[in-house]
Amino acid sequence: MLFNKDYDIKNIFKKTKVKNKDKGHNFMVFKWIEKKAFKKGLENPSFFRGVVRRIAYSMAKGDPERVHELALDALNEHTDIIEEVSKDFDFKDLHVTVADLDVMPFGTAPGLDKNGDALRPLSKLFGYLKPGTIIVPEREGNSRPRVAIDEKLDEIYNAQGFPSKGLEYFTERLGEYDNKTIRCPLIPSVCGLPLEENLNNAYKELEIILRRIYPYVDGVEWNPFSPNTKALSALRTPSEFKRSAKLIKDLIGPKMAVVKMGPYDDYEEQKTNWLKLVESFLDGGGDGITAVNTYMVPKEKIPSETWGYQSAGRSGTFLQEYRQRALKDARMNFPNAFIFATGGIDSAEQAWSALQYADALEGYTPYTFKGFGLILEMADGLRTKLKENGYKTLREFLASREF
Ligand SMILES: Cc1cc2nc3c(=O)[nH]c(=O)nc-3n(C[C@H](O)[C@H](O)[C@H](O)COP(=O)(O)O)c2cc1C
């Protein structure tokens, strides 16, 4: 609902002194414009950025999190338009296999739909979905403002601190999604939270989540790398990674289990530790990884004068080199692991670079700047790349890679 929720339409009519009999007509006109703008914003990144996004920011008085809520509302409001354009987002020659399903290679990264509020509309545009991160309790997270935007660099800084409507709410959304008829794999991001250093609570919560969501999902992504939640660092050891993978696989059996990995700097020691964690997760029975989560930066590096936290997770273009390094190192060491790529995949060039090592691509930050028309832009560019390099399909290219 992009044009009439917070932007109180009655007030607009009052201010412009519209006569009663004209109100109904004008409302219809607004609705018509809203629909047209929504459709064009879905298909065209420049229109999204220059028009739709600007209007949304003005409606939300500059609050990026409110803009995000409005965007999720708009997706649910305009399912008819999404249904109409859905087939244009599907290119058979770009299909890959994710969680045993034949789908487009673009997915949503966790954070984009934290609580599963827009699973259905998103499933019509993306190849696979990663809602979450889901935690057991309902939790507010840090107080707002906790998200800052760098408009020039296309980056986001966030210190949300795991806000969640909780497991029960999410399970209801899963019940509505109907994964029997919708062929778009659901791989929720999940995490049990340690209490201080007490890891038992983390495992207890992880088990509760998995038992509850198991029937509805095609896999899970375990997320021990959220940079804003300090207690999670106790889980980032080889033995806890192995233990977590075992627990997840015991509970979800043949369904896909991946771990979301954070970025690391270009130092041998950091790289070795990172690879050791991946190895331990795979040893425990895990199927693969997602690289990478946001990069932790200190307060003084955040482009906001009123930032109230000591740090934030930085995402978008800044992550591109971290993502590529992690993808390459992971692929060279674990040729058979399934690898999801994320971190500033904002063009066909970036998508092509990531696909030199990864099996599927997901994003959050780039879609907030360019809208979902970015999928069309990347699909078009990837098809050109395939053609230039002598491949008919993306699957053919992926199979040809040698590591
Ligand atoms: C506001 C915001 C919230 C996020 N929340 C989560 C989250 O709950 N769980 C998670 O694993 N990653 C979360 N992420 C990280 C993204 O999933 C992704 O790994 C990262 O932003 C890099 O990809 P991008 O450049 O496409 O955004 C969040 C990112 C942003 C910007």
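Taken together, the values in this text are just the output of simple stated rules run on the coordinates, not laboratory data. As the structure is a computational prediction, the values presented were derived from the model and not from experiment. Because the Cβ atoms are built from the backbone with ideal geometry, glycine has one as well, and the counts that use them run over all protein chains shown.
Over all distinct Cα-Cα pairs of the chain, the Kirkwood formula returns a hydrodynamic radius of 21.8 Å.
Phi angles of the range 312-327 translate, via the Karplus equation with coefficients 6.51, -1.76, 1.60 and θ = phi - 60°, into HN-Hα couplings of 7, x, 9, 9, x, 3, 3, 7, 4, 5, 5, 4, 5, 4, 5, 4 Hz per residue; Gly and Pro are given as x.
Mind pulling up the Rg/Rh value for the range 263-342? Radius of gyration and Kirkwood radius, both on Cα.
Working: Rg = 14.6 Å, Rh = 13.9 Å.
Reported Rg/Rh, Kirkwood definition of Rh: 1.05.
Between E155 and D150, the built amide H atoms are under 5 Å apart, and every one of these is 5 or more places off in sequence or on another chain.
In plain terms, if you count all Cα to Cα distances in the range 178-236 and split them into 5 Å steps from zero, the share in each step is 4, 18, 25, 20, 14, 10, 6, 3, 0 percent.
For E84 and A399, what is the calculated FRET efficiency with R₀ set at 25 Å and r taken between the beta-carbons, to the nearest 0.05? List each step's numbers first, then the result.
Details: r = 34 Å, r/R0 = 1.36.
Calculated transfer efficiency: 0.15.
Close amide H contacts of V259 (hydrogens built in the peptide plane, cut-off under 5 Å, sequence separation of 5 or more or a different chain): W222, G288, I289, T290.
Once the mean 1/r over all distinct Cα pairs of the range 102-153 is inverted, what Kirkwood radius in angstroms do you read off? Provide the component values of the computation, followed by the final result.
Values: mean 1/r = 0.0766 Å⁻¹.
Evaluated on the range 102-153, it is 13.1 Å.
Dipole magnitude for the chain: computed about the Cα centre from +1 point charges on Lys and Arg Cβ and -1 point charges on Asp and Glu Cβ, it is near 1260 debye. Gap in Å between the Cα centre of the range 145-167 and the Cα centre of the range 23-90? When both Cα centres are located, 21 Å separates them.
Considering every alpha-carbon pair of the range 63-186, the percent of pairs per 5 Å bin, from zero through the bin containing the longest distance, is 2, 10, 17, 21, 19, 15, 10, 4, 0. Its Cα gyration tensor gives the range 271-315 an equivalent ellipsoid, and the semi-axes of that ellipsoid, as √(5λ) in whole Å with the largest first, are 32, 10, 8. Derived scalar couplings between HN and Hα for the range 355-372 equal 6, 5, 10, 8, 9, 7, 10, 9, x, 9, 3, x, 5, 6, 8, 10, x, 7 Hz in order, rounded to whole Hz, by the Karplus curve 6.51 cos²θ - 1.76 cosθ + 1.60 (θ = phi - 60°), x for Gly and Pro.
Of the peptides 73-85, 124-136, the order by per-residue mean of other Cβ atoms within 10 Å, starting with the highest, comes out as 124-136, 73-85. Volume per residue for the range 123-264 equals 133 cubic angstrom (convex hull of Cα atoms). The phi torsions of the range 45-52, fed into the Karplus equation with coefficients 6.51, -1.76 and 1.60 and a -60° offset, translate into couplings of x, 5, 5, 4, 5, x, 10, 4 Hz, rounded to whole numbers, with Gly and Pro shown as x. Of I182, I289, I252, the residue with the greatest mean-square motion in the GNM of the chain, using alpha carbon springs below 10 Å, is I182.
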